[in-house]
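Please read the structure below before turning to the comments.
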Amino acid sequence: MTSTQARALGAPTGAPSLGGVRGLALAAHRLDRCRNLAEVTDSGAQLARQILDARSVAICRIEQETCRVLATEPAPNGTRESLLATSSFRAADRPALRTLLRDRTSWVAHAPGLAPDADPGDAVESAALETMGNVSGLAAPVVVNGSVWGQLYAARGAGQELFGIDDVAAAEVVAALVAGAVARVDLEDQVRHLVADDPLTGLGNRRVADHAAEQALEADGETCVVMCDVDGLKRVNDEFGHHAGDDLLRACADVLRQVHDQLPGSTAARLGGDEFCLVTVGQSRATVSQTVARTLAAYPLPHGSAISWGIASTADARVEAPRALFRRADAAQYQAKRNRARVNQARERRNAESAVTVDRLITAVVAAVLAAQTGEVTRLCALAAAATAALGGSTWTVLGDADGVPVAVARGGTPSDDTTGVRTLSVEHAPWVVRVETTAPDDATEALTDALQALIDVAIQGAR
């Protein structure tokens, strides 16, 4: 490579040439330092352009017989170049690409209008070269693990020599170096996935969570750890099978992803079993708590399960190690779990008490209605009196319709001086309205009202 060529390629004057074995060795070393696919394709395109003394180079990915450009060198600076960089090509429309896929062979083509004395090669490729103002082009397959992964495409412009057999050989070596780097970073990605990801949920594992906490504590800003536990996993496993339990864990992971998406810089992980966590950095405790609570309310878990969670923050106290933050969050989570259990137990107790109250109401009212004389008013008065007594109330009223206005037809009971906890239940069966008092818990109101409505329907039907 001459100094003029080096300047044209963006290389400093006096830089060693990338031609020959020395250039290929340098390319191998540089590709070996790449740590992801983007670095591999970008470096591969830059190196190939210099080694092949090309006007432009593209590294392309071929999937389902469709070729897509991943990296170009130099970067597109015009409409035509930009169009090429964002285009995709089907093998069905490009015979040379179809041959490259089938036979894993390189090809060379020349623009007939710019190189009239040369064999143009594939008609579609030579026409494409002429459209782009290039004089010569070649492509070499990038073969990864025995299959054509993609291709290296290079073009030379007017004033440059046509690609020849030596250029094809150099392109194939560069393509092989790129293929080796692609296989390596792909394997490293798979290993990282196996080491860092939970196979059931796809979240990070404990190692990822620990590392995230360490990095967060070293950074500026508040660090929070949210510990989560799935309530009801054992019940779901026992009642519906372990496949349902796995679905429940995946649902919990999806909820944490929703939280993660709303908190930039956060890390969601499954620590094992039914334990999950979230590590945040640069977010206040209040913001994290509100986001978690809001998201859990918006995305309830299946089978009546729920997530108990607790949070710890570096704003609460000085934390020297991630483990201390995890322990405090875990303690807060267990406290929340105990609180939830107490609330559930109280709810179950009230539900049981409500069921007993409803049974007592039905027994008392049915007996009173059966013993009453015929007639709607008589039976409704008997119902109201029996219901009030069964529900711990003091007074009752039966109202009838008088030209669209409810008017008391009968009243009963003795008003009490202590009205603490006394409520009125009102049910209607046109033209009648029955109002009874009760001291039953508020959460029994719906069940008691439904029972009274059914009893009134029966009482009226029996009176006719």
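Some notes on this structure:
- When the helices (runs of 4 or more DSSP H) confined to the range 225-302 are screened for residues that are within 19 Å of the chain's Cα centre (by Cα), of a type in the set (A, V, I, L, M, F, W, C) and within 28 Å of PRO322 (Cα to Cα), those reaching at least 2 such residues are found at 242-262, 285-298.
- Selection of helices (runs of 4 or more DSSP H) fully inside the range 1-61 by the criterion of at least 1 residues being at pLDDT below 80 and crowded, with 16+ Cβ neighbours inside 10 Å returns 3-8.
- When the residues of the range 303-320 are filtered to those that are assigned to a loop (DSSP other than H, G, I, E, B) and touching a residue at least 40 places away in the same chain (Cβ under 8 Å), the one that is surrounded by the fewest Cβ atoms within 10 Å (Cβ to Cβ) is ALA315.
- Tabulated pairs, the range 141-155, first of a type in the set (Gly, Ala, Ser), second part of a loop (DSSP other than H, G, I, E, B), C-beta under 6 angstrom, 6+ apart or interchain: ALA154/LEU52; ALA154/ALA54; ALA155/ARG55
- Top-ranked residue in the range 97-147 [being acidic (Asp, Glu) and in a loop (DSSP other than H, G, I, E, B); ranked as surrounded by the fewest Cβ atoms within 10 Å (Cβ to Cβ)]: ASP117
- Tally of residues being of a type outside the set (D, E, K, R), buried (at least 17 other Cβ atoms within 10 Å of the Cβ) and farther than 9 Å from ILE311 by Cβ across the range 325-338: 3
- Pair list, Cβ < 6 Å and 6+ apart or interchain, from the range 19-41 residues that are of a type in the set (D, E, K, R) to residues that are at pLDDT 90 or above and not in a loop (DSSP other than H, G, I, E, B): ARG30/SER43
The values are calculated or read from the model by the stated rules, or taken from the named source; none is laboratory data. Source: prediction; values computed, not measured. As a convention, Cβ positions derive from the backbone with ideal geometry for all residues, glycine included, and neighbour counts pool all protein chains shown.
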